[in-house]
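J.: Before we start, here is the structure in question, set down as structure tokens.
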Amino acid sequence: EFAASLEKAAAGAELTRKDIINLLAAAPGAEEEALYRLADSVRARVAGDEVHLRGVIEFSNYCRRRCYYCGLRADNVNLQRYRLMPEDIVAAARRGAELGYGTIVLQSGEDPWYTGPVLAGIIREIKKLGVAVTLCVGERTRDEYALWREAGADRYLLKHETANAALYNRLHPGMSWQERLQCLQWLRELGYQVGSGNIIGLPGQTLEDLADDLILLRELDVEMAGLGPFIPHPATPLGGEPAGSLDLTYRVVATARLVIPYAHLPATTAVGTLAPNGRQLALQRGANVIMPNLTPTRYRADYQIYPNKICINEGPEDCRHCLEGMVRALGRRLGRGPGHTLKPLRVQ
Ligand code: 5AD
Ligand code: FES
């Protein structure tokens, strides 16, 4: 079953749900190796050897939500909450531009302190630096999304977290899967390059659910997809659950490269947290992007969405040099320019 589905993928045929499940179920050893080899060759063909760096500024850890897995949930009183002022966010972005990053990602908890106009002002300042801007600030109104797009934001990341609507609703009190999809639809209509993605190894999640995640990403026709393992955080309701499997995560990333070949796929920080060579392996198994931390060091420890997050004591320059070395050691090149969507290549 695996071999037939892999052959279909190699021929570029549209994969069914069953095919995707077969690939995700690749057995350790020869099957996994064959899956990784195909994903790496598709990555080389569609994305080339350039690894794009996206500098991430975690500008506020205030969050109005209570997601069952996340260390920033409003109920967690064991962390110091912080907010960067607009001029400090712009300064961090300037540092990122100086380090050569073509994209600045503005990420935070869901923090209404940054109103539509306040964030629009920050975006306008950062756009003057000549970089692409990606927003990752959660669910907001359509008008706010429109305002930020007009201010110059290029992309928006909003993970669907899981395509299993019942599981989604269980893990996100006061939120709904329908509203999540509505936001993704608005972002699409407004002309953003859209990123979504899911957590791998959530309690109660099945291989079928993960196949549905990839099918949803294909239906959304996303420009990027973040796929990372679940890591239990002790200060959350899921603190006692086991972590997601790293090997399953690699199989999901590799299969994603086959299901949505033209999407940017990051080697996530969560993968790097579970294994010292996790991001390197992800880059060799389908991923083509990496997201260095640009947050001023003094705030990093308080942005632990999961525990033992890497780069807590490093500074922006450290991560820049570390990743340049990593990319070179893999025989790849640093991406030049903004690293926009790969989709225009698809029609050729
Ligand atoms: N383990 C793995 N990923 C997590 N995220 C949040 N908490 C965890 C966790 N405990 C991910 C979610 C969110 C992104 C910012 O981080 O997918 O969208
Ligand atoms: Fe931060 Fe390696 S990416 S130190």
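The values are calculated or read from the model by the stated rules, or taken from the named source; none is laboratory data. Values in this document were obtained by computation on a predicted structure and should not be read as measured data. Backbone-built Cβ (ideal geometry, glycine too); neighbour counts: all protein chains shown. Side chains are part of the model used for accessible areas, which takes the heavy atoms of the whole protein and leaves out ligands, DNA and RNA. Shrake-Rupley method; radii C 1.70, N 1.55, O 1.52, S 1.80 Å.
J.: Just to verify a number: what accessible area does GLU161 come out at with the full protein assembly present, 1.4 Å probe, Å² rounded to tens?
T.: 30 Å²
J.: List the Cys residues of the chain that have no partner Cys with a C-beta closer than 4.7 Å.
T.: Taking the Cβ cut-off of 4.7 Å, the unpaired cysteines of the chain are CYS63, CYS136, CYS183, CYS311, CYS319, CYS322.
J.: Another question about this same structure. Applying 1/(1 + (r/R0)^6) with R0 = 35 Å to the Cβ-Cβ distance of ALA44 and ARG17, what FRET efficiency is obtained, to the nearest 0.05?
T.: Numbers: r = 27 Å, r/R0 = 0.77.
Result of the calculation: an efficiency of 0.85.
J.: Say each of GLN178 and LEU79 gets a label point 7 Å from the Cα, pointing the same way as Cα to Cβ; how far apart are those two points in nm?
T.: 3.1 nm
J.: Using unit Cβ charges (K, R positive; D, E negative) and no other charged atoms, how large, in debye to the nearest 20, is the dipole of the chain about its Cα centre?
T.: With Lys and Arg at +1 and Asp and Glu at -1, about 640 debye.
J.: Rounded to the nearest 0.05, what FRET efficiency do ALA146 and ASN169 give with R0 = 25 Å and r taken as the Cβ-Cβ distance? Could you check?
T.: Efficiency, from the Cβ-Cβ distance: 0.40.
J.: Of the trypsin sites (Lys or Arg not before Pro) in segment 100-157, which ones lie in a loop per DSSP and count no more than 15 other C-beta atoms within 10 Å?
T.: Working: sites: ARG124, LYS127, LYS128, ARG140, ARG142, ARG149, ARG155; in loops: LYS128, ARG140.
Hits after loop and neighbour filter: LYS128.
J.: Sketch the reach of a paramagnetic label on LEU345 as a point 7 Å from Cα along Cα-to-Cβ, and name the residues of segment 45-71 whose backbone nitrogen lies under 18 Å away.
T.: Output list for this probe position: 45-54.
J.: Using the Cβ atoms and a cut-off under 13 Å, what net charge is assigned to the surroundings of GLN182, where Lys and Arg are +1 and Asp and Glu are -1?
T.: Details: positive: ARG140, ARG142, ARG180, ARG188; negative: GLU139, GLU179, GLU189.
Charge balance in the 13 Å sphere: +1.
J.: For the chain, give me the percentage of DSSP beta bridges that are antiparallel, rounded to the nearest 5 percent. All intermediate terms of the calculation are to be shown ahead of the outcome.
T.: Working: 1 of 32 bridges.
Around 5 percent of the beta bridges assigned by DSSP in the chain are antiparallel ones.
J.: Name the shape class, rounded, prolate or oblate, that the alpha-carbon gyration tensor gives for the chain, where a ≥ b ≥ c are the square roots of its eigenvalues, rounded holds for a/c under 1.5, and otherwise prolate holds if a/b is larger than b/c and oblate otherwise. Walk me through the intermediate numbers first.
T.: On the way: a/c = 1.44, a/b = 1.28, b/c = 1.13.
Note, shape of the chain comes out rounded.
J.: Counting alpha carbon pairs within less than 8 Å and at least 6 residues apart, what relative contact order, in whole percent, applies to the chain? Don't jump to the answer; show the numbers that get you there.
T.: Values: 654 pairs, mean separation 81.5, N = 348.
Relative CO of the chain lands at 23 percent.
J.: If I build a Gaussian network model for the chain, linking alpha-carbon pairs within less than 10 angstrom, which residue out of GLU179, GLU58, GLU139 has the largest mean-square fluctuation?
T.: Maximum fluctuation in the GNM of the chain, among the listed residues, is at GLU179.
J.: Please report the spacing between the Cα centers of segment 180-233 and segment 111-151 in Å, no decimals.
T.: Here the two parts' Cα centres lie 22 Å apart.
J.: Among ARG285, ARG43, ARG332, determine the one that fluctuates most according to a GNM of the chain built with springs between C-alpha atoms less than 10 Å apart.
T.: In the Gaussian network model the winner is ARG332.
J.: Once you have the Cα-Cα distance between ALA275 and ASP88, take 0.36 nm times their residue separation minus that, and quote the gain in nm to one decimal. Can you show the working numbers first?
T.: Numbers: separation 187, 0.36 × 187 = 67.32 nm, distance 3.22 nm.
Difference between extended and current length: 64.1 nm.
J.: Most mobile of THR295, THR236, THR255 per a Gaussian network model of the chain (Cα springs, under 10 Å)?
T.: Top of the fluctuation ranking is THR236.
J.: Taking a cut-off of 23 Å between Cα atoms, list the lysines near LYS18, but don't count ones fewer than 8 places away on the same chain.
T.: List returned: LYS8.
J.: Measuring from centroid to centroid over Cα atoms, what is the spacing of segment 1-60 and segment 296-347 in Å?
T.: 21 Å
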